[in-house]
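The values are calculated or read from the model by the stated rules, or taken from the named source; none is laboratory data. Everything numeric in this text was worked out from a predicted model, so none of it was measured. Glycine gets a Cβ as well: all are built from the backbone with ideal geometry, and neighbour counts include every protein chain shown.
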Amino acid sequence: MIRHLRILAVAAFAATPLHAEIDIRPVTSEAGFTAWLVEERSIPFVAIEVIFPGGAVLDADNWLGATSLMTELLSEGAGDLDAQGFAAAIEATAGSVRFDAGRDSVSLRIRALSENRDEVMALARLALTEPRFDEAALERVRAQTIASLERDARNPNTIAARAFNELAFEGHPYARPTDGTPESVAALSRDDILAAHQAALTRDRVLVGAAGDISAEELAALMDALLGDLPEATVPLPDYAEFTAPGGITVIEHPGPQSVIAFGHAGIRRDDPDFMAAFVMNEIFGGGRFGTRLMREMRTVRGLTYGIGTSVATAQHGDSFQGRVSTDNARAGEMVTLLRAEWDWLANGGITEADLDRVQTYLTGAYPLRFDGNASIAGILASMQFQGFDIDYVNVRNDLVRAVTIEDIHRVAERMIDPESLHFVIVGQPQGLEDLGF
Amino acid sequence: MVTRIHPRAVLAALALWLGLALFASQQLAAAEPAAAGSTPREFTLENGLQVVVIEDRRAPVVTQMLWYRVGAADEPPGLSGIAHYLEHLMFKATDNMEQGEFSAVVEANGGRDNAFTSWDYTGYFQRVAADRLELMMEMEADRMANLRIDLSDWLPERDVILEERSQVLESRPERVFGEQMRATLFQNHPYGIPIIGWRHEMEILDEAAATAFYRAHYAPNNAILIVAGYADAEEVRAMAERHFGPIPANPEAGPVARPTEPPHHAERRLIMRDPRVAQPFVNRVHLAPVRRAGDQAEAAAFSMLGALLGGSSQTSVLERRLTHEKGVALSAWAGHNGNARDHGTFSLGVTPAPGISLEEAEAALDAVLAEFIENGVDAEQFERVRMQVRAAAIYELDDASARARSIGADLAIGLTLEDSLGWLGALLEVTPDEVIAAARALDRRASVTGWLKGEEG
């Protein structure tokens, strides 16, 4: 099925804001673990999301990819169960226990029917605290991971993202590939995996969100059983990463009809007073949906691309303001020229009061639509904690969006947006770059 | 996260049964409180518009979906891609709304909207706060009857769909390979033509072709309206009568006869080479039964076969034998797609482990399939799959939009609401013997086997 992307024009109707009506309760267990809970009893299952801050940034330079490979192996056998046995036991409950490693965290997503929740939780605890890391599983998953990394090495989107990170965060863990390289993964030993397990999953770096058919008391007991045996954190989190890429163009030759262009410059910190203004500015300019300035200029008017997006990429240990677009090789130079002109437009007060009104109506109206099921609510609850929000953020978030003024937008644009600092990583066989003055 | 790409989607619409089908059993729905999981209500307007309402009052949010029973398999010869191109143009102007106003209004109301095209249907949807439903319906009805295609819109939009083809298809050798596989599997039916279209034909699509396709197929009697979420069936009926009711039926519109497949007599084999391929793999696709109105048993057996052979990356037969025990595969897959009007597919394949050739991998795959037929279904595995089918019914109640998609897709391919709700039951009625019979029925003469390789090797 083919997703359709579209455009923004004049908004004809004003929306009255809809209250989210989400009742989030803080839960604290005997052992001192905390969670945010939305109790929802109409469907007999619970969704739980656990985030362990840290992730691949904890990898030492000489074992890149260890956290990622370790995380893959958590569901490959634990306690008395080998890989097949563990998977069969989960399948028999019709629950799910999924681990994922990212750059800044490892996450655990659990879904369990009320009728056999205890069995699912026992299996999750086993995977978390008693993984076997059997030699056979290690070698099989290592081979799969290397194959995946070799595929990534020929994927223009991955090539562009990696090259951009290398330039943007030189000397920082953010410059490294989250999943390692074929060479680094080939060199990892079982001891490296055990060390990564001790480093990444700890009782003092853990956040929990839950939604569905469960009480606060049940959740508290469940957390103590699941997390109580984990060790304390020993590996420090990295320092803040300064943005290091200078303005310019980096071309990486790659076969294919299109050029993938990753572009950006320094961003803004989450605790900056102008963060919300920057977020709203980006929603108007290029943020993740169809009615943005960049989609209109590059797609609707000129037919240059199927899609373009920018984001205020504010993360735990470093920030950027960056975007991605694909276009025909023959039109790559034109795209770069237009993007610099759009940056100019944004930096020099291009956004109008009407643009701001429209996006505020959209953002405040769309916010409650996110809370639409146990699985999505559990994910939002954990991620809000990870990003450092207060528990009542859900109730004030729309007020914060509405409080942003056009002066705020212009101030943050002037401060943050700089066409001269833009770095473009272009992967493909781009044409028309010769006369761009770089 | 490491994404281990299992090329399960080498045929664009190939979907594993656990993902696409609806598992809402009546027994379960009856046991649930009204807040979620209610039994859908169905009625038809005088002009033929079929309407289904799925009530779920947990959150004040509603999804409207309008499905047209027309897709890429209904395109005139030489105009491949016109159904999808029209889908893009439906977001432009109407006689009553300016270019782009549709989505602007959805956004101004805090909603999101999108659309999709398949071989059998084209769908449009919006997700909004519950009190905006009538506005969405008014606009959706407007563009059913009053689309206006201007030169300043359709010309750049044709470049957009060409860029879309470059980005989502031609930049990915696995997708190009899938397109070639499909074009080879279907000898006569238009399922062999890509939804997005062949590039050389897309380049000549224009306003006249889009308008003709729109007039021929977009009408209330060729559409299904699904409303899911915080809504009342009687209110939806009144709203639909107000906005869609005045649009006259088009007696010419409706599912049209398509070319169908003749008997296949020759197994086909493909080899594609592309320097961008890092991991070679072998994939085989057979013609297979579809779910038919009032008769889903045969398709259900193939779906259970797909789940047993390839439904789990650890315990399914192909992964267990080829990846875990023999160590000849990095991954192995199988799956049935019976969600189509005319012909289904069953596919299976292997990405070989390092040092194993495609020839060896294919031989190992054939051997495991023969062994499965010989040994029969493992009783414990069969029970686990059945447990997951039952649980899927509960999990799907958590997502009203997903229920709308499943039911809409089922009705759009000619199934009834009863069939849609009965699919779970059909899966649970399948016996191990029927699974083995389905495996035996996989006919190599009605299949294509493809090897995707890099330049070396």
Go through B:Ala301, B:Ala297, B:Ala307, B:Ala332 for me and flag whichever is over 17 Å from the mean Cα position of the chain (by Cα) and surrounded by fewer than 21 Cβ atoms within 10 Å (Cβ to Cβ).
B:Ala297
Filter segment B:307-327 for residues that are in contact with a Lys or Arg (Cβ under 9 Å, 6 or more places away or on another chain) and facing chain A (nearest Cβ under 9 Å); the one that is modelled with the lowest pLDDT is B:Ser313
When segment B:265-300 is examined, which residues are found to be in contact with a helix residue (DSSP H, G or I) (Cβ under 7 Å, 6 or more places away or on another chain) and within 14 Å of chain A (Cβ to nearest Cβ)?
B:Asp274, B:Arg276, B:Val277, B:Ala278, B:Gln279, B:Pro280, B:Phe281
Scan segment B:142-153 residue by residue and report those that are in a helix (DSSP H, G or I), of a type outside the set (A, V, I, L, M) and at pLDDT 95 or above.
B:Asp142, B:Arg143
Within segment A:55-81, the residues that are closer than 18 Å to A:Glu119 by Cβ and touching an Asp or Glu at 6+ places or on another chain (Cβ under 7 Å) are A:Gly77, A:Ala78, A:Gly79
Counting just the residues of segment B:53-81 that are under 17 Å from B:Ala130 (Cβ atoms) and aliphatic (A, V, I, L, M), which one comes out surrounded by the fewest Cβ atoms within 10 Å (Cβ to Cβ)?
B:Val53
Residues in segment A:379-388: is at least one farther than 27 Å from A:Phe99 by Cβ and either loosely packed, with under 15 Cβ neighbours inside 10 Å or not aliphatic (A, V, I, L, M) (or both)?
no
Sort through B:Glu179, B:Glu157, B:Glu138 and tell me the only one that's touching a helix residue (DSSP H, G or I) at 6+ places or on another chain (Cβ under 8 Å), farther than 26 Å from A:Thr305 by Cβ and within 14 Å of another protein chain (Cβ to nearest Cβ).
B:Glu138
Which ones in segment B:253-290 are touching a strand residue (DSSP E or B) at 6+ places or on another chain (Cβ under 8 Å), outside any strand (DSSP E or B) and surrounded by 16 or more Cβ atoms within 10 Å (Cβ to Cβ)?
B:Glu261, B:His264, B:Asp274, B:Val277, B:Gln279, B:Pro280, B:Pro289, B:Val290
Residues in segment B:112-128 that are touching a residue at least 24 places away in the same chain (Cβ under 8 Å), more than 7 Å from chain A (Cβ to nearest Cβ) and farther than 27 Å from B:Ile204 by Cβ total 3
Note: among B:Leu169, B:Leu135, B:Leu147, just one is within 23 Å of B:Glu241 (Cβ to Cβ), free of Cβ contacts under 8 Å to residues at least 40 places away in the same chain, outside the structural domain of B:Ala412 (by TED's automatic domain parsing) and crowded, with 18+ Cβ neighbours inside 10 Å, namely B:Leu135
Which of (1) in a helix (DSSP H, G or I); (2) away from chain A (no Cβ under 14 Å); (3) surrounded by fewer than 22 Cβ atoms within 10 Å (Cβ to Cβ) does B:Ile204 not meet, given it meets every other one?
(1)
What single numbered condition from (1) over 22 Å from the mean Cα position of the chain (by Cα); (2) within 10 Å of chain A (Cβ to nearest Cβ); (3) under 28 Å from B:Leu330 (Cβ atoms) fails to hold for B:Arg386?
(3)
Are any of the residues in segment B:363-372 farther than 24 Å from B:Pro432 by Cβ and either of a type in the set (A, V, I, L, M) or crowded, with 24+ Cβ neighbours inside 10 Å (or both)?
yes
Would a scan of segment B:363-377 turn up a residue that is within 11 Å of chain A (Cβ to nearest Cβ) and farther than 14 Å from B:Arg321 by Cα?
no
Filter result for A:Ser29 (buried (at least 17 other Cβ atoms within 10 Å of the Cβ), at pLDDT 95 or above and in contact with a Ser or Thr (Cβ under 9 Å, 6 or more places away or on another chain)):
no
Please go through segment B:189-201 and pick out each residue that is farther than 17 Å from B:Pro262 by Cα, in contact (Cβ under 8 Å) with a residue 40 or more places away in the chain and not in a loop (DSSP other than H, G, I, E, B).
B:Glu201
So, in segment A:309-338, of the ones that are hydroxyl-bearing (Ser, Thr, Tyr) and within 14 Å of another protein chain (Cβ to nearest Cβ), which residue ends up surrounded by the fewest Cβ atoms within 10 Å (Cβ to Cβ)?
A:Ser326
Conditions (1) buried (at least 21 other Cβ atoms within 10 Å of the Cβ); (2) within 23 Å of B:Leu330 (Cβ to Cβ); (3) at pLDDT below 95; number of the one not met by A:Glu72:
(3)
Any residue in segment B:86-100 that is crowded, with 22+ Cβ neighbours inside 10 Å and more than 27 Å from A:Met295 (Cα to Cα)?
no
Output for Cβ contacts, cut-off 6 Å, separation at least six or different chains, first residue in contact (Cβ under 8 Å) with a residue 40 or more places away in the chain in segment B:282-297, second surrounded by fewer than 22 Cβ atoms within 10 Å (Cβ to Cβ) and of a type in the set (D, E, K, R), reads B:Val282/B:Glu362; B:Pro289/B:Glu298; B:Ala293/B:Asp419
Tell me the residue from B:Phe213, B:Phe186 that is in contact (Cβ under 8 Å) with a residue 40 or more places away in the chain, away from every other protein chain (no Cβ under 14 Å) and closer than 29 Å to A:Ser326 by Cβ, please.
B:Phe213
When B:Ile356 is run through (1) within 13 Å of chain A (Cβ to nearest Cβ); (2) farther than 20 Å from B:Ser313 by Cα; (3) of a type outside the set (Ser, Thr, Tyr), the failure sits at (2)
If we only count strands (runs of 3 or more DSSP E) wholly inside segment A:15-120, which ones have 2 or more residues that are touching a residue at least 40 places away in the same chain (Cβ under 8 Å), of a type in the set (Lys, Arg) and assigned by TED's automatic domain parsing to the domain that holds A:His197?
A:105-113
Those residues of segment A:213-231 which are touching a helix residue (DSSP H, G or I) at 6+ places or on another chain (Cβ under 7 Å) and part of a helix (DSSP H, G or I) amount to A:Leu222, A:Ala225, A:Leu226
